[in-house]
Amino acid sequence: GIEREYEQPHSLVYVGMTWREIEPEKGVYDWDGLEEKYQFDFWSQRGKKFNLRIVLDNPTDDPTHMDIPDWLYDELDAEGDPGTWYETDEIGHGFSPNYSHPLLIEYHEKLIEEFAARYDNDPRIAYIQLGSLGHWGEWHNWPEEKTGAFPKLDVSDQYVRHYLDNFSNKLLGMRKPFPIASENNLGLFNDMFG
């Protein structure tokens, strides 16, 4: 934990949580463990609000790591074409799921239902970032020739719809101005602003 006050004034705390952390066993969601890991009580007691994002692919220096649960990978693999293992000089190593896989889309919808059931009415949460797709949940798979193609709009819109259908009380934001974001008046955020 943090032993002293954080020096930079701020009102928000970002939490990027992986599906692997959230649902280590199929149908078992570790929200309490995640809130402890990301120090929800510590920050809430200091009046800070949370900005949450779910990540399915967080590149690291470990070529064997994966950010979706093992049970999910095994089910995707049994159906064929689970995704792309990658090792790159540009972004690091990891596993990029096949976002077009019907089973991944189906399970993602259930994940977001549970995510919203937990946090849509939680006063500690200020924003929900639409992560889910791409490296770091940033809605890109660059470099695609090494890490797998990013899905077309007919697929990526399904992931957005999962958030739109389940969150009614939180402000939703997307990192890139996809048409569905504009059509639904979603917020726009990007770590490259400024």
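Computed extension gain for Ala78 through Asn169, at 0.36 nm per residue and net of the alpha carbon distance, reaches 29.0 nm. Between the Cα long axis of helix 102-119 and the first principal axis of the chain there is an angle of about 10°, rounded to the nearest 10.
Only protein heavy atoms count here; on that basis, with a 1.4 Å probe, Arg118 has an accessible area of about 80 Å². Put a plus charge on the Cβ of each Lys and Arg, a minus charge on the Cβ of each Asp and Glu, and nothing anywhere else: the dipole of segment 88-194 about its Cα centre is then about 220 debye.
Among 98-108, 29-39, the peptide with the highest mean count of other Cβ atoms within 10 Å heads the list, and the full ranking is 98-108, 29-39. If R0 is 30 Å, the Cβ-Cβ spacing of Gln45 and Tyr14 corresponds to a FRET efficiency of close to 0.95. Principal-axis analysis of the Cα atoms of the chain puts helix 153-166 at an angle of about 30° to the longest axis. Is the shape of segment 61-130 best called rounded, prolate or oblate, per the rule: a/c under 1.5 gives rounded, else a/b larger than b/c gives prolate, else oblate, with a ≥ b ≥ c the square roots of the Cα gyration tensor eigenvalues? It comes out oblate by the Cα gyration axes. GNM on the chain, alpha-carbon springs under 10 angstrom: the most fluctuating residue among Trp19, Trp43, Trp139 is Trp43. Using alpha carbons only, how many angstrom separate the centre of segment 56-113 from the centre of segment 134-179? So the two Cα centres are separated by 14 Å.
Accessible-area rank, largest first, for Ser96, Ser44: Ser44, Ser96, with all protein chains present and a 1.4 angstrom probe. Converting phi to 3J(HN,Hα) with the Karplus coefficients 6.51, -1.76 and 1.60 and the offset θ = phi - 60°, segment 82-95 yields x, x, 10, 7, 9, 9, 10, 7, 6, 10, x, 10, x, 10 Hz in sequence order, with x at every glycine or proline. Under a Gaussian network description of the chain, with springs only between Cα atoms under 10 Å, the residue in Gly173, Gly92, Gly148 that fluctuates furthest is Gly92. Considering only protein heavy atoms and a 1.4 Å probe, what is the carbon-and-sulfur percentage of the accessible area of the chain? Ligands and nucleic acids excluded, carbon and sulfur give 47 percent. With protein chains left intact and a 1.4 Å probe, residues in segment 92-162 average 38 Å² of accessible area per residue. Taking the C-alpha atoms only, the angle from helix 70-79 to the longest principal axis of the chain is near 30 degrees. Using a Gaussian network model of the chain whose springs link C-alpha atoms within less than 10 Å, name the residue from Val15, Val28, Val55 with the highest mean-square fluctuation. Answer for the Gaussian network model of the chain: Val28.
The values are calculated or read from the model by the stated rules, or taken from the named source; none is laboratory data. Not measured: the values here are computed from a predicted model. Please note: Cβ atoms are built from the backbone with ideal geometry, for glycine as well, and neighbour counts cover all protein chains shown. With ligands, DNA and RNA removed, areas are computed over all heavy atoms of the protein, side chains included. Shrake-Rupley method; radii C 1.70, N 1.55, O 1.52, S 1.80 Å.
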